[in-house]
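Values quoted throughout were computed directly from the atomic coordinates according to the rules given, and no laboratory measurement underlies them. Keep in mind it's a predicted model, so treat the numbers as computed, not measured. Here the Cβ positions follow ideal geometry from the backbone for every residue, glycine too, while neighbour counts run over all protein chains shown.
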Amino acid sequence: MKYQALLLVIAVLFSVLMLRVLGDRPVPTISNETAPYASAPIPYSGKSIPPPASWLQTIQTEKLALTQKPRVSTSTTRLSAPVAIETPAVSQNSSSASVCDLTASLYLARDITADRTLLSKNEQQRWPIASVSKLMTALVAYEHMDAKEIISVSQSAHDHAQGYASLEVGASYSVNDLVRAALTISSNDATFALAEAFGYDAFIAQMNKQAKDIGMHNTSFSDPSGLSYLNQSTVSDISLLLRYLYTSAPELLATTRKQTVSLYDSAHHRTVTLSNIDYFAGTDGFIGGKTGFITESGGNLVTLFNYHNHILAIEVFDSADRFKDVQKLFTCAKQASD
């Protein structure tokens, strides 16, 4: 029993001694030099987690990017009601290594001067052209109406714009001013006002006749604005329209490249100044063109550029980034034409 008591005392003393030794050891600390996130980001699932100090900056940068980067719907659903959103969509950054890596489902780069196609994809496929239709609307008004005729914007024209009206009901403009509104800010009510003054059904019939006369045999129009997905054409046909405008109605193309236009509302005796929604308006080498967007079409953009005294038609349909796609396609076309 004595030996057992002695062993128990020794065990207790040993335990106390070990606890004291361990208790005297310094507690590990993490300095600013070795703390996680203090220097290099830590890899996680193939991505990097930024240092805590940069988290707020990163979040603020992403929020700023979301507010500044225009968004374009790429839906091509054919059953939903068309929605017109005519605002420029320019992506300032591209991670693509290839300058010809386009988002557009249909495109065409054609040298009109040499009558030669440089680059194309699905150039004969019919597609909703949206507000590109306004080029034909403007042409019919230009060739078949009195430019000085004064037209009042009716409630009907306003309503037909489907919530995307840009002119005041009761305002009165000349045919020429309504054409300029249609071509620069893509005014839907301006196109309906023109069609109503001419005779709506007769105006649409003239649009279709004009298309056939130009040789646009895969093109059809059902309204003057392009809000209907039944307004359809091909990039090949549209190049014929652009060529016709360049040779026979250059004044219309000149309007599309103005950064601003002024309209006179004679009903209220005031001048209204409009800013062109086309990103290329006023830029070097840009001859003219037209934007277009409804849900069914995606982003459309048709343009003419001057390159070494050659007129190039650069067109994209169903694009997620139409202005960037046109920029890239124009670069490719220049390389192909050299």
Counting Lys and Arg as +1 and Asp and Glu as -1 over every other residue whose Cβ sits under 13 Å from the Cβ of residue 267, the net charge comes to -2
Once you put a point 7 Å from the Cα of residue 262 and another 7 Å from the Cα of residue 331, both along the Cβ direction, what distance in nm separates them? 3.9 nm
Whole angstrom only: what separates the Cα centroid of the range 312-338 from the Cα centroid of the range 208-266? 19 Å
So the pair-distance distribution of the range 106-337, from every Cα-Cα distance in 5 Å bins, comes to percents of 1, 7, 16, 20, 21, 16, 10, 5, 2, 1, 0
For residue 101, net neighbour charge (Lys/Arg +1, Asp/Glu -1) across residues whose Cβ lies under 15 Å away: +2
Of 121/258; 209/324; 209/328; 121/290; 121/212; 258/324, which pairs sit farther than 28 Å apart, going by alpha carbon to alpha carbon? 121/258; 209/324; 209/328
Simple spin-label estimate for residue 338/residue 308, 7 Å along Cα→Cβ, in nm, reads 0.8 nm
Can you compute the modelled spin-label distance between residue 208 and residue 273, with each label point 7 Å from Cα toward Cβ, in nm? 4.3 nm
Hey, what did the range 106-337 get for relative contact order, percent, Cα under 8 Å, at least 6 apart? 26 percent
